[in-house]
Structures are given as C-alpha cells and as structure tokens.
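Q: Pasting in a structure now, in structure tokens, and then I'll have a few things to ask.
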Amino acid sequence: MDEGRTGGSDNAWKQVVASLADEGRLRVLARVVTEGPAEAALTTDERRRLAPLLAAGVVVRGEDGLLRAAPERFAALLATSPAPRPTGPERFLTDGRLLRTPKRLRDRELVVRFLASQVLPLEEPVTELTLTKRLAARAADPVSLRRAMVDAGLVHRTRDGAEYWRTVVTEFDDV
C-alpha cells in the first residue's frame, strides 16, 4: 500500500477529506455502507464518484468482490496524527524540562510560576539541596531558576539560605 493510503503521509488526511467533499460521493459511500454492493451494481455516475473514495482508502473492494467502507482508514490517520502542541508554560518545556529560559519577560515569569507550583507545594519548607534537586529534574539551570523564584517573590528563604518555602498561590495551584 502506498503512503497516502496507510496514513504515513503528512497530507494523507487531505485525500480522505477531499474524497468526502462531494455530495454525490457521500451518497455513494452511504450506499456502500448500507448495501455493500458489487461495483457492477453501481450506475456509471456512481462508479465515477467511487474512484476517489477507493483511491483515498475510504472504500475498499472485498475479496468477495463487494464494496465495503473502511473505518480502519480513519483509525490509521488518527494513529499517525501528531500530538497537539502544548499551550501555556508547557510549550517552553521539552519532555517536561526547561532547557532554555524564554526570552520574553512575560513568558519567563509564567514558566517560573509554573515550575514553582510543580516543585514546591505551598508552605512546605525544604532544604536548599532538596529544592535544587527538584528543580534539576525540571530545568537545565536549577540554580538560576531557584534565584528567579526568590526574586519573583514566589519563594522565601531563611537568611542563611538553608531553607526555602513557597507562600504565593499561582494560577497553577489547585486551591
């Protein structure tokens, strides 16, 4: 089978949608779904309209010579469709990690608030080492991220920097 029929092509879905974008072809598809006719039972006009449905893999010829709808074609397209792009602060993360700090101030602040809510529950005091380890699991530069959280007023620390805790509720907290 070619790429367009297996769902491997980035534009394979266009062929399927185009094959369904005609009222006459939809009527032929409906007849195939409800009757499962032999191709010879179709009128000349129906056979002409059938060709794009066959080419797109929406309709297939069975071994018995009868036509049938191919729902597996849609399943194949869905299986190969890319995952939706993340939105919000997750769009700056790669596999859940911050590899590069966003350039825009607003985006940096968003990511800092998000990661603060992820690594440090409200009012939970932790040691500097614990916080740094948690941040290291989520960011390439945990020390700078920890500093950014303190500078943003999200995280507070003891005078000697031995303990850190978060008191600010962010939009990412379930409170």
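Q: Sort out which residues of region 155-175 are hydrophobic (A, V, I, L, M, F, W, C) and over 30 Å from the mean Cα position of the chain (by Cα), and write them in order of number. Reasoning before the result, please.
A: Filtering region 155-175 down to residues hydrophobic (A, V, I, L, M, F, W, C) leaves 155, 162, 165, 168-169, 172, 175.
Listed by number, the residues that qualify are Val155, Ala162, Trp165, Val168.
Q: OK, next. Among the listed residues Ala76, Ala116, identify the single one that is touching a residue at least 40 places away in the same chain (Cβ under 8 Å), under 25 Å from the mean Cα position of the chain (by Cα), outside the structural domain of Gly161 (by TED's automatic domain parsing) and in a helix (DSSP H, G or I).
A: Working: Ala116 fails: outside the structural domain of Gly161 (by TED's automatic domain parsing).
Step by step, each of Ala76, Ala116 is checked, and only Ala76 is touching a residue at least 40 places away in the same chain (Cβ under 8 Å), under 25 Å from the mean Cα position of the chain (by Cα), outside the structural domain of Gly161 (by TED's automatic domain parsing) and in a helix (DSSP H, G or I).
Q: Can you pull out every residue in region 79-113 that is assigned to a loop (DSSP other than H, G, I, E, B) and either surrounded by 16 or more Cβ atoms within 10 Å (Cβ to Cβ) or touching a residue at least 12 places away in the same chain (Cβ under 8 Å) (or both)?
A: Step one: of region 79-113, the residues assigned to a loop (DSSP other than H, G, I, E, B) are 81-87, 93, 95-96, 99-104.
Answer for region 79-113, where residues must be assigned to a loop (DSSP other than H, G, I, E, B) and either surrounded by 16 or more Cβ atoms within 10 Å (Cβ to Cβ) or touching a residue at least 12 places away in the same chain (Cβ under 8 Å) (or both): Ser81, Leu93, Gly96, Leu99, Arg100, Thr101, Pro102.
Q: Right, next: So which residues in region 102-141 are among the aromatic types (Phe, Trp, Tyr) and within 10 Å of Tyr164 (Cβ to Cβ)? Can you show your working first?
A: Here is the first cut: in region 102-141, the ones among the aromatic types (Phe, Trp, Tyr) are 114.
Residues satisfying the conditions do not exist here.
Q: Ok, one more. What do you reckon, is Thr130 part of a helix (DSSP H, G or I), over 30 Å from Asn11 (Cα atoms) and not charged (D, E, K, R)? Talk me through it step by step, then tell me what you get.
A: On the way: part of a helix (DSSP H, G or I): yes; over 30 Å from Asn11 (Cα atoms): yes; not charged (D, E, K, R): yes.
Here the answer is yes, as Thr130 does meet what is asked.
Q: While we're on this one: Taking Asp64 as meeting all but one of (1) within 27 Å of Val169 (Cβ to Cβ); (2) assigned by TED's automatic domain parsing to the domain that holds Val32, write down the number of the exception.
A: Failing condition for Asp64: (1).
Q: I'd like the full set of residues that are assigned to a loop (DSSP other than H, G, I, E, B) and either under 15 Å from Leu105 (Cβ atoms) or not charged (D, E, K, R) (or both), limited to region 146-161.
A: Of everything in region 146-161, those that are assigned to a loop (DSSP other than H, G, I, E, B) and either under 15 Å from Leu105 (Cβ atoms) or not charged (D, E, K, R) (or both) turn out to be Ala152, Gly153, Leu154, Thr158, Gly161.
The values are calculated or read from the model by the stated rules, or taken from the named source; none is laboratory data. No experiment lies behind these values; they were computed from the predicted model shown. Please note: Cβ atoms are built from the backbone with ideal geometry, for glycine as well, and neighbour counts cover all protein chains shown.
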